[in-house]
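Worksheet: the structure to be examined is printed underneath.
The values are calculated or read from the model by the stated rules, or taken from the named source; none is laboratory data. From a predicted model like this one, the values you see are computed outputs, not experimental measurements. Note that we place each Cβ from the backbone using ideal geometry, even for glycine, and neighbour counts take in every protein chain shown.
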Amino acid sequence: MQLSEIQLDALGELANIGSGNAATSLSSMLGVPIDLSVPHVRLLPLTDAVDAAGDPGEDVAAVLLPVRGELNAHVVLLFGTADAGAVCGLLGVEADSEMGLSALCEVGNIIGTAYVNALGSMTGMELEPASPQGARDMLGAVVATVLGNAAQDNDTTLFVDTDLVVGGTQSSILFLLVPEADGVGELLGRLGLGG
């Protein structure tokens, strides 16, 4: 599938609004300001998408929020070690504990659901986020697994990433939206940009 610049821009604007809603929800939860970068939307071969997420050998805490309904997708939040520590510190728990991973899953659930609800509202799609799943692993393993599941029989994926900066510090969360192949066409169709 090839996407035009207009289609990529439209998907980027959806991601921007969804990310804004997610940042607002996270800011309310943590009681600190959240800044976000402009989302980057790219159609990439799977191997390039893994590299685009960052250093594949970096240890991360990951939260995966599957999305089902009229759009099948995965929302993924990736926390580097220091970033997980900063967010967990705001919540009063140790990042490398089970309680810490549970807290990160709750953060992922709140902002992922806010993001998905914004997408549903803007497109008129019925979307249902599932329960979040947390894991600690190397970045490359996490992203390869998510992208492999999303891409299924395709060798390319739509890769949308936004960086959320927590509390004016250097701690940040990489936020990814990875629609499955049929989901991209459905989103574009709802925006009047299919075909």
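Brief remarks on what is shown
- Failed item in (1) surrounded by 15 or more Cβ atoms within 10 Å (Cβ to Cβ); (2) out of contact with any Ser or Thr (no Cβ under 9 Å at 6 or more places or on another chain), with residue 114 passing the rest: (2)
- Looking only at residues in region 22-47 that are out of contact with any strand residue (DSSP E or B) (no Cβ under 8 Å at 6 or more places or on another chain) and farther than 23 Å from residue 146 by Cα, the one that is surrounded by the most Cβ atoms within 10 Å (Cβ to Cβ) is 25.
- Matching entry among 90, 104 (being part of a helix (DSSP H, G or I), of a type in the set (A, V, I, L, M), at pLDDT 90 or above and in contact with a Gly (Cβ under 8 Å, 6 or more places away or on another chain)): 104
- Residues that are surrounded by 16 or more Cβ atoms within 10 Å (Cβ to Cβ) and either out of contact with any strand residue (DSSP E or B) (no Cβ under 7 Å at 6 or more places or on another chain) or not in a helix (DSSP H, G or I) (or both), drawn from region 1-16: 3, 7, 10, 14, 16
- Residues that are under 24 Å from residue 127 (Cα atoms) and acidic (Asp, Glu) within region 77-117 comprise just one, 106.
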